[in-house]
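In what follows, a single structure is set out as structure tokens and then discussed.
The values are calculated or read from the model by the stated rules, or taken from the named source; none is laboratory data. Please read all numbers here as calculations on a predicted model, not as lab measurements. Neighbour counts are summed over all protein chains in view; Cβ atoms, including those assigned to glycine, are modelled from backbone coordinates with ideal geometry.
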Amino acid sequence: MFRGKVVALLACLLFEVSLAQDVEHDKKLEGKATQQTFSTSTTEIPRTLREGVTEVFFVGSQLETVPANAFTGNPQLEKVEFIDIHTLKSVELGAFEGLAVLKDVEISNTPVISLPVGIFKNLTNLESIILKFNRFQSLERGLFDGLKKVTNIELNGNRIKFIEDGAFDGLENLLKLHLAKNYLTSLPVNLFSDLKKLHTLRLYENQLSALPEDIFLNLPNLKEIGLAGNKIMELPPNLFLNKDKLTKINLDNNLLTSLPPEFFVGFPQLRFLTLDKNKLTSLPPVLFGKMPKLTDLSFSQNNLSRLPKGIFNPLKNVKKLDLSKNQFVTVSAEYFEGPEKLQSLNLMNNKLETLDAAVFEKLPFLTTLKLNNNHLQTLPGDTFEPLTDLRKLYLSDNPWRCDCDLIPLHRWINANLEKITSPMTCEHPEHLRGKEVKSLSEDQLICPTLAPTTTPLVTTTTPTTTTTLVFIICVSLT
């Protein structure tokens, strides 16, 4: 009886699995039924498509042009894409005529150098325009006129040097604008003034050397701004006036030598801030305000040699701090006042020779510490004692001096071998060079002693003075 119930239950489960697979298979078939792809053998756009097709893809085909009225016989199309067509030279005005329900258009990785103004005319249902990795050199005003429903425009990877003022006017529902990897050297101050709903703006890897102070003034919903890989030398003090919703700012790989005081004050939602690969030599005493959401902060690959006392004090929730590849010779405990929840600290590839006493005392939650590739020769044995949660410690590629001064640290290392991530080897003395510190016995960690010295006895002759007293006796003769 019990066996019969088990068999019935298994049969029921198998039936449900089979039914779910059938539904998934039907969905895939339905997707394929609405899509049609033309590849290398296609030299012109077909006038008719398979019945039920709403999405058409031209991938690696041999098209040379997209002529006017190319799709007038297929008004049902919702998506049209031209991808990896290395023979495509032009898209004629009226190419998308009659596609009243078109939602997505893509022309990517082609030699096309421009699109005629009016190419998207009457495409009032268009939502996404992807025009990446072509050879566009400029954007004219009017190209995107009338596209009230567009939420996404991607123009990255072109050769755009110039964008006409007003090119993005009227895109009142645009959420994402991707202009990265172009040749832009400057931006009109009002270029983005109509994009009130924009939340993602990517301008990285251009040739921008300066930004107008009001360039982001009318972007109250901006969440992400990417400015990495430009040639920006200075940031206007009031560049980010709309701070309330910003979650990510990337300023990596520019030419910044300094930052305005209090530049990062008032960012309640900011989570990621990176300033890697700049030329920062110093930071202002007050740079940050309270940023309760900030978890990642990086100043890697700059020229910093010291930090203002308590500079990170407002950053109570930062978990990852990267100060690697700078010029620090030492670091002190006052640098790390504030971010008591820090879990990862990267100080590798500096010039650290010493660490202040109790430098990590205020970082009880630190789990990863990178001190490799510095100039450390020895450290006090209690340097890492406050780090009770430490799991990964990087100490390799330092010129460790394996003598009696290293004994306290040697003891700590041997008691915490599971935390040492890479070999820590001796540089001095000569006979221990290349030896792993953990493999040594304490008897081998000796300090040189000086041979006793003999002080020659110096004899000093003191001249003697003899005093002769002469007594004269006078005799009275009477």
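Say we look at region 180-223 and pick out the residues that are in contact with a His (Cβ under 7 Å, 6 or more places away or on another chain) and free of Cβ contacts under 8 Å to residues at least 40 places away in the same chain; which of these is nearest to S298 (Cα to Cα)?
For region 180-223, the residue satisfying everything is L222.
Yes/no matrix, rows are residues, columns are (1) over 30 Å from L63 (Cα atoms); (2) at pLDDT below 95; (3) among the charged types (D, E, K, R); (4) surrounded by 19 or more Cβ atoms within 10 Å (Cβ to Cβ):
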residue	(1), (2), (3), (4)
R141	no, no, yes, no
N158	no, no, no, yes
N173	yes, no, no, no
A180	no, no, no, yes
S186	yes, no, no, no
K196	yes, no, yes, no
S209	yes, no, no, no
L219	yes, no, no, yes
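Within the group T43, T72, which residue is among the polar types (S, T, N, Q) and either within 18 Å of I119 (Cα to Cα) or under 40 Å from the mean Cα position of the chain (by Cα) (or both)?
The conditions single out T72.
All but one of (1) surrounded by 10 or more Cβ atoms within 10 Å (Cβ to Cβ); (2) modelled with pLDDT under 95 hold for P448; which doesn't?
Of (1) surrounded by 10 or more Cβ atoms within 10 Å (Cβ to Cβ); (2) modelled with pLDDT under 95, only one is false for P448: (1).
Residue by residue through region 96-126, note down the ones that are touching a Lys or Arg at 6+ places or on another chain (Cβ under 6 Å) and surrounded by 18 or more Cβ atoms within 10 Å (Cβ to Cβ).
S108
List the pairs whose first member sits in region 93-107 and is closer than 17 Å to F57 by Cβ, whose second member is hydroxyl-bearing (S, T, Y) and modelled with pLDDT of 95 or more, and whose Cβ atoms are under 6 Å apart, counting only residues at least 6 apart or on separate chains?
Once the first residue is closer than 17 Å to F57 by Cβ and sits in region 93-107, its partners that are hydroxyl-bearing (S, T, Y) and modelled with pLDDT of 95 or more give D104/S128.
Just the residues that are of a type in the set (S, T, Y) and in a loop (DSSP other than H, G, I, E, B), please, taken from region 187-246.
Selection gives S193, Y204, S209.
For residues that are closer than 30 Å to K319 by Cβ and among the acidic types (D, E), scanning just region 381-434, find the one that is surrounded by the most Cβ atoms within 10 Å (Cβ to Cβ).
Result: D397.
For G338, only one of the following conditions fails: (1) touching a Phe, Trp or Tyr at 6+ places or on another chain (Cβ under 9 Å); (2) at pLDDT 95 or above; (3) surrounded by 16 or more Cβ atoms within 10 Å (Cβ to Cβ); (4) in a loop (DSSP other than H, G, I, E, B). What is its number?
(2)
Go through (1) over 27 Å from the mean Cα position of the chain (by Cα); (2) over 30 Å from E262 (Cα atoms); (3) not charged (D, E, K, R) for A358 and report which single condition fails.
So A358 meets the others, but not (2).
Quick check on my filter: what residues within region 369-412 are outside any loop (DSSP other than H, G, I, E, B), touching a Phe, Trp or Tyr at 6+ places or on another chain (Cβ under 8 Å) and of a type in the set (A, V, I, L, M, F, W, C)?
Within region 369-412, L369, L393, L406, W412 qualify.
Keeping to region 264-282, report how many residues are surrounded by fewer than 21 Cβ atoms within 10 Å (Cβ to Cβ) and either under 19 Å from the mean Cα position of the chain (by Cα) or small (G, A, S) (or both).
10
So, T48, is that one out of contact with any His (no Cβ under 7 Å at 6 or more places or on another chain) and farther than 18 Å from Q35 by Cα or not?
No, not satisfied.
Test of understanding: among I85, I107, which residue is over 21 Å from K32 (Cβ atoms) and outside any loop (DSSP other than H, G, I, E, B)?
Answer to the check: I107.
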